[in-house]
Amino acid sequence: MIENLIQNFKKEFNTNDSVEVFFAPGRVNLIGEHIDYNGGKVFPCALDFGTYAVVKKRNDKTFKMFSENFKNLGIIEFSLAELIYKKSDDWANYPKGIIKTFIDSGFNIDTGFDVLFFGNIPNGAGLSSSASIEVLTSVILKNIFNLNVDMIEMVKLSQKTENEFIGVNCGIMDQFSIGMGKKDHAILLDCNTLNYSYAPFLLEDSSIIIANTNKRRGLGDSKYNERRASCEEALKDLKDNGVELSALCDLDNNTFAMYKHFIKSDEARMRAKHVVAENQRVLEAMNSLEKNDIENFGLLMNQSHISLRDNYEVTGLELDSLVEAAWEENGVIGSRMTGAGFGGCTVSLVKNDYIDSFIKNVGEKYKNKTGLEASFYIGNPGDGAKKLGDF
Ligand code: GLA
């Protein structure tokens, strides 16, 4: 595939010069949803599919960007002097925003480059195609401009770009897992301190199956920001009433029960209830893994989905139908929505002997209920973003 991408780059940019090739994965979150921006612990892994880039530095101050996924948009061009968000630049706003954030942070980027991107993460599926291209662009900048910046810093700059340039108030989970992923491992990340550890997630006789609702997220971004605002409201009510905490995840289920009446709106209280309980589920899930109790890990995944459905209200017909169909299947250890919700994907742990029947039956039931065709992928935990080589 890489050979093909290089050929396409050479055709598109009409050159025979040598190029550099980079890769950044997508990610799937196993448990710990909507708590990264509440100081919680999350347990995602990078995937072995993602976004590729073929790059050649230029001598002038122009950037020329082409995506194999959006061929109809052709080459999108802008200069170092006009790093501003432009609707017509579509997907290229992500790499453009990264370049701006790096420059604003004092990094010396004095020329442009030509780049061809290709992603095999389905767009808008909640597997972080946007964080993938952000971290990928960060790694490109580090390499071609010899920047002295480490991966955690690049992760933060990528999140900052999403927050400030793109306007989605996301937490740090996606960029972190994409930057710091490790083959065959999931990452336990404390979003409060950014302490992290790797947990082997090589399941002996079962696999991570990702199912895509193929429902585009649509208004997802504004609803995402609304959820975040409700959490901030709950936190403020608690603090205003003298509860000492810096983030909702400082509470456990018992302390939440003691203080929840301080949260004025029913909605914000319900959102906070999810956040606190979800963080506790992650801790319990880690205990289960240590004891090799994958069955309990699966039950916690199911509970996570129920809370995202009933308390956080980010699921909807498509995600619920996929997950409910999964719960009815033999060989399913656990199943839940993953990512922001409002469409996108589910993640299930399925015994290997049952993968075929799972895909057939869940696919059929889903189609009967929603009229949509689901897609299924095996989620192998992969490495984080990196340079693949000079060609
Ligand atoms: C999106 C955001 C993440 C995280 C998840 C929900 O993927 O980008 O920061 O909040 O939703 O867990």
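The values are calculated or read from the model by the stated rules, or taken from the named source; none is laboratory data. Keep in mind it's a predicted model, so treat the numbers as computed, not measured. Here the Cβ positions follow ideal geometry from the backbone for every residue, glycine too, while neighbour counts run over all protein chains shown. Note: areas computed on protein heavy atoms with side chains; ligands, DNA, RNA excluded. Shrake-Rupley method; radii C 1.70, N 1.55, O 1.52, S 1.80 Å.
If you check N311 against the conditions, is it open to solvent by 10 Å² or more (accessible area, probe 1.4 Å), modelled with pLDDT of 95 or more, within 16 Å of the ligand (Cβ to nearest atom) and out of contact with any Gly (no Cβ under 9 Å at 6 or more places or on another chain)? Answer is yes for this residue. Being buried (at least 21 other Cβ atoms within 10 Å of the Cβ) and more than 26 Å from F342 (Cβ to Cβ) is a property that V28 lacks. Screening F78 on (1) more than 16 Å from the ligand (Cβ to nearest atom); (2) aromatic (F, W, Y); (3) within 20 Å of the chain's Cα centre (by Cα) shows it passes everything except condition (3). Counting the residues of the stretch 171-211 that are in a strand (DSSP E or B) and acidic (D, E) gives 1. Across the stretch 260-273, the number of residues qualifying as part of a helix (DSSP H, G or I) and either surrounded by fewer than 17 Cβ atoms within 10 Å (Cβ to Cβ) or among the hydrophobic types (A, V, I, L, M, F, W, C) (or both) comes to 7. When S335 is tested against (1) open to solvent by 30 Å² or more (accessible area, probe 1.4 Å); (2) closer than 25 Å to V282 by Cβ, only condition (1) is not met. The residue of the stretch 110-122 that is surrounded by the fewest Cβ atoms within 10 Å (Cβ to Cβ), among those that are within 22 Å of N212 (Cα to Cα) and more than 13 Å from the ligand (Cβ to nearest atom), is N120. Of the residues examined, N69 is not one that is more than 16 Å from the ligand (Cβ to nearest atom), surrounded by fewer than 24 Cβ atoms within 10 Å (Cβ to Cβ) and over 24 Å from the mean Cα position of the chain (by Cα).
Within 16 Å of the ligand (Cβ to nearest atom), surrounded by 20 or more Cβ atoms within 10 Å (Cβ to Cβ) and in a strand (DSSP E or B), is that true of L157? So L157 does not fit the description; no. Looking at the stretch 88-108, which of the residues that are open to solvent by less than 10 Å² (accessible area, probe 1.4 Å) and of a type in the set (A, V, I, L, M) is nearest to the ligand (Cβ to nearest atom)? Restricting to residues being open to solvent by less than 10 Å² (accessible area, probe 1.4 Å) and of a type in the set (A, V, I, L, M), the top hit is I98. Name the residue that is nearest to E153 (Cα to Cα), counting only residues in the stretch 168-188 that are out of contact with any Ser or Thr (no Cβ under 6 Å at 6 or more places or on another chain) and within 11 Å of the ligand (Cβ to nearest atom). Ranking the candidates gives F176 first. In the stretch 64-77, the residues that are without any contact (Cβ under 8 Å) to a residue 24 or more places away in the chain reach residues that are loosely packed, with under 15 Cβ neighbours inside 10 Å with C-beta atoms within less than 6 angstrom, at least six apart or across chains, in these pairs: L73/D90. The test for being in contact with a Cys (Cβ under 8 Å, 6 or more places away or on another chain) and outside the structural domain of N29 (by TED's automatic domain parsing) holds for L248.
Per-residue answers, yes or no, for (1) closer than 29 Å to R281 by Cα; (2) at pLDDT 95 or above; (3) within 16 Å of the ligand (Cβ to nearest atom):
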| position | (1), (2), (3) |
| --- | --- |
| G124 | yes, no, yes |
| I133 | no, yes, yes |
| V149 | no, yes, no |
| Y196 | yes, yes, yes |
| L202 | yes, no, no |
